[in-house]
Amino acid sequence: MPPSLEKSRGHGRLLARSRVALASLVAASLVVLSLVALSLAALLCGLPPAAAQDYPARPIRVITVTSAGGTSDIFMRALADEMHKGLGQPIVIENRPGGAFNIGARACAEATPDGYTICILPGEPIVFNQFLFKSLAYDPAAFEPVTQLFTIVQALVVSKALNVGTMQGLVSLSKAKPGTLNYSTGSVPFGVFFDRINWEAGADIVRVPFRGGGEAVNALLTGATPVGFLGLSNVRGQMEAGLVTGLMVDSDKRSPLFPDVPTIPEATAKEYASRSYFGLVAPPGTPKPIAARLQAEIARIAAQPDFLKKNFIERGLDPVTSTPEAFARFIKQDRALAARIVREAGLEPQ
């Protein structure tokens, strides 16, 4: 074979091998890129990353928007003790009261969304305040829902010194002494309720804001604010001791703790559409697997008979401990209800 032909064939074989090598390299690169794309897609779809699987690896901070001694503060500290046992990390409570709950809600919204800050909030900063303030320093719709913890049985109570035993008696007293009675409540719907009573019955009972149930109870006992619409757990001891008188509760049936105290419809012949509640949320962007992990642990704790009796039933709290998805649906419905309550009450954003 002529040398020139042999040389040509050699070049051809070399070229063929180069093409095969290049094709193999391209194929391998495509496989790597595909694996990267699949991993990214899995992450975006919410599959638990390693960080969520190892969670928690350090203490968890819980922001509460009420002062120490209130219903949510006491409950959260009891829950934190049990969560510490189950999760293996301390749960540190941080009180951020004031500003119609907006101070604590803003701190929650601005926290790092890594699962090491969670927040116990009532319905006001989650659904009501956006209709009551012209602007908020946080987006209430952006929180990551964890669980609706409980609804609260609220009781309308008055100082024993008023010598009043019914809602009608309270209205009559306010008419006889206009401008002398004031009340406390941490709930927007109850504020609307009193506004309606004032308007429809000609009563004159003025609201005084407090940063938490503990402060409101102290004012109730001293007579500085002799009327309160407060969580039953805040005033149970005072009611049992005869220091305050219960006029009605907001639940759909009488409380087994105080069966002689009527419900709102029984005491006023009026329906009441809203219930106070507290839920656990996380800063916007917190991974959903972490929210699910927290909810599962809380539901486990709430199902324990001793915890259920001591921290729910005896405190006048109705347990919920819903999933993050169910809580998200509830918030959507409650936001629509809040808009209607505010609109019908004629309240204007301040």
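Multiplying the residue separation of residue 348 and residue 114 by 0.36 nm and removing their Cα-Cα distance gives an extension gain of 80.6 nm. Label-to-label distance, residue 253 versus residue 318, with points set 7 angstrom from Cα along the beta-carbon direction: 1.0 nm.
Relative to the current alpha-carbon distance between residue 333 and residue 240, full extension at 0.36 nm per residue lengthens the span by 29.9 nm.
Close amide H contacts of residue 212 (hydrogens built in the peptide plane, cut-off under 5 Å, sequence separation of 5 or more or a different chain): 67.
For segment 109-120, backbone phi angles converted through the Karplus equation (6.51, -1.76, 1.60; θ = phi - 60°) give residue-by-residue couplings of 5, 8, 6, 5, x, 10, x, 9, 9, 10, 9, 9 Hz, Gly and Pro being listed as x. Given R₀ = 25 Å, FRET efficiency for residue 89-residue 308 by Cβ-Cβ distance, to 0.05? Using R0 = 25 Å, I get an efficiency of 0.60. Once backbone amide H atoms are built at 1.01 Å from N, residue 147 has 280 as its partners under 5 Å, excluding neighbours fewer than 5 places away on the same chain.
Each label point was placed 7 Å from the Cα along the Cα-to-Cβ direction; for residue 299 and residue 222 their separation is 4.5 nm.
When the listed pairs 160/332; 253/332; 134/175; 177/310; 175/270; 160/253 are checked against a 32 Å cut-off, the alpha-carbon distance exceeds it for 160/332; 134/175; 177/310. Just to confirm a number: summing +1 for Lys and Arg and -1 for Asp and Glu over residues other than residue 205 whose beta-carbon lies under 12 angstrom from that of residue 205, what do you get? Charge balance near residue 205 sits at +2. Shown here are the Rg and Dmax of the Cα trace of segment 245-334, at 16.3, 47 Å. Annotation: Cα Rg of segment 179-326 relative to the compact-globule expectation 2.2 N^0.38 Å equals 1.21. Projected label points at residue 54 and residue 77, each 7 Å from Cα along the beta carbon direction, are separated by 3.4 nanometres.
Tell me whether segment 170-232 comes out rounded, prolate or oblate; compute the Cα gyration tensor, take square roots of the eigenvalues as a ≥ b ≥ c, and use a/c under 1.5 as the rounded threshold. In terms of gyration-tensor shape, oblate.
Throughout, read-outs are computed from the coordinates displayed, never taken from laboratory work. Values in this document were obtained by computation on a predicted structure and should not be read as measured data. Glycine also receives a Cβ, built like all others from the backbone with ideal geometry; neighbour counts cover every protein chain displayed.
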